[in-house]
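Chemist: First the structure, then my questions, so here it is.
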Amino acid sequence: MDDLRRLYVLRHAKSSWEDAGQSDHERPLAPRGQRAVRHLAEYLELSAIRPELVLCSNSRRTLETLEGVRPGGETLIEPALYTASVGELVERLRQVPAGTGSVMVIGHNPAAQMLVLRLARSDRGDEEGLAAVRRKFPTGGLATLELPVPWAALVPGCAELTEFVRPKALPIQSR
């Protein structure tokens, strides 16, 4: 088990569309997104999810999601993640230092969804969760993948999806 790495893929929480003149990059979280972030923060705390490294897009909504969930670990704000394709995300993850045991990516769809679908094996792990990811990777969705290979060796189907949670479905204690 010491050889397993964990990858947490978190799509930013729900953003606001109130200001029609605002650029996509600068859209803040909507009230629903702010609530979801509080629920996600509590879930991360209760589940002891503390990634060693966090890679976060530099958009306002991803930064507000990061600030709200407070995952800990070394945090890198990476502008390239704002428009990254799934291939670019995989390539970025291949550059993670070998000794890093866990990484959280806070980003956008469709790349977040496609990353999980590319890396997760379809014949192992959380089959219901994988089916849910195929249908939709909602805002605030969090996928947990276990990787028995080094970061540099990421290839399609190398991971096992162990959990997929949506903010709406979280059993939050503080409600």
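Chemist: Look at the range 1-52 and say how many of its residues are in a loop (DSSP other than H, G, I, E, B) and small (G, A, S).
Modeler: Matching residues across the range 1-52 total 8.
Chemist: If you go through the range 111-132, how many residues are more than 12 Å from the chain's Cα centre (by Cα) and closer than 21 Å to E88 by Cα?
Modeler: Here the count works out to 5.
Chemist: P71 versus (1) in contact with a Pro (Cβ under 6 Å, 6 or more places away or on another chain); (2) in a strand (DSSP E or B): which is the lone unmet condition?
Modeler: Unmet condition: (2).
Chemist: Out of everything in the range 53-63 that is part of a loop (DSSP other than H, G, I, E, B) and in contact with a strand residue (DSSP E or B) (Cβ under 8 Å, 6 or more places away or on another chain), what residue ends up being nearest to R92 (Cα to Cα)?
Modeler: S57
Chemist: Moving on to the next point. Which one of these does I77 not meet: (1) touching a strand residue (DSSP E or B) at 6+ places or on another chain (Cβ under 6 Å); (2) buried (at least 19 other Cβ atoms within 10 Å of the Cβ); (3) not charged (D, E, K, R)?
Modeler: Unmet condition: (2).
None of the figures in this text is laboratory data; all of them are computed from the coordinates on show. In this text the structure is predicted, and so the values were computed from the model without any measurement. Neighbour counts run over all protein chains shown; Cβ positions are idealised from the backbone, glycine included.
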